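The values are calculated or read from the model by the stated rules, or taken from the named source; none is laboratory data. What you see is a predicted model, and the numbers here were worked out from it, not measured in a lab. Quick reminder, even Gly has a Cβ in these numbers, built from the backbone with ideal geometry, and neighbours come from all protein chains shown. Each accessible area value is taken on the protein alone, full model and side chains, heavy atoms only, with ligands, DNA and RNA left out. Shrake-Rupley method; radii C 1.70, N 1.55, O 1.52, S 1.80 Å.
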Amino acid sequence: MKDVLMMVMAGCPHCRRANQMLDELMEEHEEYRNVKIRKVDENVDTALADSLDYYYVPCFFVDGVKRMEGVPTIEAVEAVLKEAIGE
């Protein structure tokens with residue numbers, strides 16, 4: 001399983017929606033349930049946020065590579081989960 005990092009910001013409606021999509025996908029698909037996603041608030045861990053090349057939250061990284069940024073779609077979130085499990 002690959003390392004998944006999700007940069008978020010408290011109060012961000014797109015971050016809330018991405019979290020809802022993650023929950024829905026994990027509930028519907030057993031193969032995603034073991035994916036561990038490290039969620040980091042960019043305002044709390046500013047050093048990590050500053051070290052990454054992204055401009056919008058939510059932003060997903062899989063093994064350090066940016067895979068989705070900004071307004072989430074269910075397809076983009078699922079692509080992150082598929083990559084995390086090695087599909």
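Quick notes on this structure:
- When residues in segment 42-87 are screened for being touching a strand residue (DSSP E or B) at 6+ places or on another chain (Cβ under 9 Å), open to solvent by 40 Å² or more (accessible area, probe 1.4 Å) and either assigned to a strand (DSSP E or B) or aromatic (Phe, Trp, Tyr) (or both), 5 of them pass.
- Scanning segment 22-41 for residues that are more than 11 Å from Leu81 (Cα to Cα), outside any strand (DSSP E or B) and in contact with a helix residue (DSSP H, G or I) (Cβ under 9 Å, 6 or more places away or on another chain) yields one hit, Glu24.
- Selected residue [farther than 11 Å from Val4 by Cα and under 12 Å from the mean Cα position of the chain (by Cα)] from Val62, Val35, Val44, Val77: Val77
- On the stretch given as segment 1-21, residues that are surrounded by 12 or more Cβ atoms within 10 Å (Cβ to Cβ), of a type outside the set (Lys, Arg) and over 18 Å from Asp63 (Cα atoms) total 8.
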